[in-house]
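The values are calculated or read from the model by the stated rules, or taken from the named source; none is laboratory data. Computed from a predicted model, the values in this text were never measured in an experiment. Ideal geometry is used to build each Cβ from the backbone, glycine not excepted, and the neighbour counts take in all protein chains shown.
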Amino acid sequence: MLQTSRHFARTASRAVHWPKPRGFSSCSAVLTKRAGSAPNPVLGSPGVGLRTRRMHPLSLLGTNAPPEPEEAVDNILYNTPSKSANTPTERHILTLLVANEAGVLSRISGVIAARGFNIESLVVCKTEVPALGRMTVVLRGKAAEIEQARRQLDDLVPVWAVLDYTNTPIVERELVLMKISAVPPETVHDPLGLGSDAASHAINPIMAAGFHRQTVVELARIFGAKVEDISHESLVLELTAKPEKVDSFLKLMKPYGVIEVVRSGCMAVPRSPIESYDDSNGELAEDASQAVDASQLPPG
């Protein structure tokens, strides 16, 4: 009986094929062999018991091929703003040396108004000569029309000379006084937070006002402006710069609550010519392009 049982066990072990245990290896050769084997129809993945995913190459910045010259030029031309055809006028700066007497301003403004020009800026002041005044006028118009107006102004009796600084190297400055709110716009009606809606603010209104003033002062420092006056409700800033810089300063200050703006107008004076030293003759030689035309000087 015992011999019959042993014979049956040997026969059963030969008839049944037991599967070998599967193992995972980290060897690169084994992984490569398994990854390259035929796909398993049962598991739906390549290899025996392994799920592999095909990796795509990483797209790094700066690895793309540079554009062609034609494409680069087209992009530059497309992004370059073109001049508007609706504004053919130019900005002209005229300086008038006039007699310091009553009625001169009305006569000059009458000539300009008769030509249909809008005065962008007008500065009138006395000079170091008691009987002589100086007027700086900024107009916009066509060059031919401005030249006609300049000649007509030059013909007036109280006008000594009219100088056109449009195409002349000049030092141009403008003074602006700006009053800015010292509290944020949302707390302008309740700067101390005493109202019923004080609890709705994210932070204390007093702290918000402090942050607001700090931001305004920092922006003024970047532009070179000075704080001339400060209170719980407003700040007074002073800036002396070119008109273009003043315009940019006003635009950036607008979201902080501009209360009042006072601009002095454009003031201009021609730059002094730069003289060069000529080594050949040992004398100072002035550039011929900066030479003064005697015909443009006033009589005397």
Checklist entry - In segment 125-156, what residues are among the hydrophobic types (A, V, I, L, M, F, W, C), within 16 Å of E101 (Cβ to Cβ) and free of Cβ contacts under 8 Å to residues at least 40 places away in the same chain? => result C125, V129, A131, L132
Checklist entry - Only one residue in E172, E128 is among the acidic types (D, E) and in a loop (DSSP other than H, G, I, E, B). Which one? => result E128
Next on the checklist: Any residue that is over 27 Å from the mean Cα position of the chain (by Cα), assigned to a loop (DSSP other than H, G, I, E, B) and more than 14 Å from I93 (Cα to Cα) - is there at least one of those in segment 143-151?
Outcome noted: no
Checklist outcome for this item: Heads up, the strands (runs of 3 or more DSSP E) in segment 218-300 (entirely inside) with at least 1 residues that are exposed (fewer than 10 other Cβ atoms within 10 Å of the Cβ) and either modelled with pLDDT under 90 or out of contact with any His (no Cβ under 6 Å at 6 or more places or on another chain) (or both) are 275-278, 283-286
Next on the checklist: One residue is enough: does segment 170-178 have a residue meeting the conditions farther than 30 Å from V258 by Cβ, among the aliphatic types (A, V, I, L, M) and surrounded by fewer than 18 Cβ atoms within 10 Å (Cβ to Cβ)?
Outcome noted: no
